[in-house]
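> I am attaching a structure below and will ask some questions about it afterwards.
The values are calculated or read from the model by the stated rules, or taken from the named source; none is laboratory data. From a predicted model like this one, the values you see are computed outputs, not experimental measurements. Note: ideal-geometry Cβ built from the backbone for every residue, glycine included; neighbour counts use all protein chains shown.
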Amino acid sequence: GAGVSQTPSNKVTEKGKYVELRCDPISGHTALYWYRQSLGQGPEFLIYFQGTGAADDSGLPNDRFFAVRPEGSVSTLKIQRTERGDSAVYLCASSQPGQGGTGELFFGEGSRLTVL
Amino acid sequence: AQSVAQPEDQVNVAEGNPLTVKCTYSVSGNPYLFWYVQYPNRGLQFLLKYITGDNLVKGSYGFEAEFNKSQTSFHLKKPSALVSDSALYFCAVRDVGSNTGKLIFGQGTTLQVKP
């Protein structure tokens, strides 16, 4: 597709359940980012992949959060034992390779997670 | 650690008037600076960036921003606001000298342009 695709667009779950959120980046983009945006807040950095490996996972709030990108394209953000405080919009972004950090991020429209 | 501050939660301007949305940053090295816009229930859209060179950068939809190293600021400007510019605006910074490619965002400023 032309842009970053995220599924599902909306997810409602119960406290304690397991959730997976998927991101399909722009073709050829080697860098992939996950952010979390709570109502009225700016995007909060979670994790950044360069290719298949997590180059920086310093933003993951705790060990209930995990993300993978096994083939260097699609990424899945996994949240175990969800809590009400996990409710937010989860944004995925990708950027072009080889720009030495100068490249802008292209964002998907987000997955809205609601934990009841 | 890198950080961004947007001191105004909301900016109100009349259509046709100039607008400024403020941003200051903190990095240990040199910054790469970005502005994004977010419309309701949509993802973030890139407006413009400062990498190096001319301190005044021009971007999409008639927006521009001025990099001021001494004041560590990167304010977003537009000479004549449109009602359709009403949205949420985010400033972001990447620390050139750090090993991470992560982009850190400010808390956002809501721009309200009234007819």
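> Being within 25 Å of A:C92 (Cβ to Cβ), among the hydroxyl-bearing types (S, T, Y), in contact with a helix residue (DSSP H, G or I) (Cβ under 9 Å, 6 or more places away or on another chain) and more than 9 Å from chain A (Cβ to nearest Cβ): is that true of B:Y61 here?
Yes: the conditions hold for B:Y61.
> With A:L21, A:L91, A:L105, A:L32 as the choices, which residue is in contact with a Pro (Cβ under 8 Å, 6 or more places away or on another chain) and facing another protein chain (nearest Cβ under 10 Å)?
Step by step, each of A:L21, A:L91, A:L105, A:L32 is checked, and only A:L91 is in contact with a Pro (Cβ under 8 Å, 6 or more places away or on another chain) and facing another protein chain (nearest Cβ under 10 Å).
> Which of the following residues is among the charged types (D, E, K, R), crowded, with 20+ Cβ neighbours inside 10 Å and more than 16 Å from the chain's Cα centre (by Cα): B:K102, B:K78?
Checking each option against the conditions leaves just B:K102.
> Hey, another quick one. Search segment B:15-36 for residues being in a strand (DSSP E or B), more than 11 Å from chain A (Cβ to nearest Cβ) and out of contact with any Lys or Arg (no Cβ under 9 Å at 6 or more places or on another chain), and hand back the single one that is surrounded by the most Cβ atoms within 10 Å (Cβ to Cβ).
B:Y25
> Taking segment A:49-68 as the search range and keeping residues that are under 11 Å from the mean Cα position of the chain (by Cα) and modelled with pLDDT of 95 or more, which one is surrounded by the most Cβ atoms within 10 Å (Cβ to Cβ)?
That would be A:A67.
> Let me ask something additional. Would you point out which residue out of A:S38, A:S75, A:S27 is surrounded by 15 or more Cβ atoms within 10 Å (Cβ to Cβ) and hydroxyl-bearing (S, T, Y)?
The conditions single out A:S75.
> Would you check which residues across segment B:37-71 are among the hydroxyl-bearing types (S, T, Y) and within 18 Å of B:I104 (Cβ to Cβ) and list them?
B:Y50
> Out of the residues in segment B:37-47 that are out of contact with any Gly (no Cβ under 6 Å at 6 or more places or on another chain) and assigned to a strand (DSSP E or B), which is farthest from the other protein chains (Cβ to nearest Cβ)?
By that ranking, first place goes to B:V37.
> Now a separate question. Give the residues of segment B:46-75 that are surrounded by 15 or more Cβ atoms within 10 Å (Cβ to Cβ) and of a type outside the set (A, V, I, L, M), sorted by residue number.
B:F46, B:K49, B:Y50, B:G59, B:F63, B:E64, B:E66, B:F67, B:T72, B:S73, B:F74, B:H75
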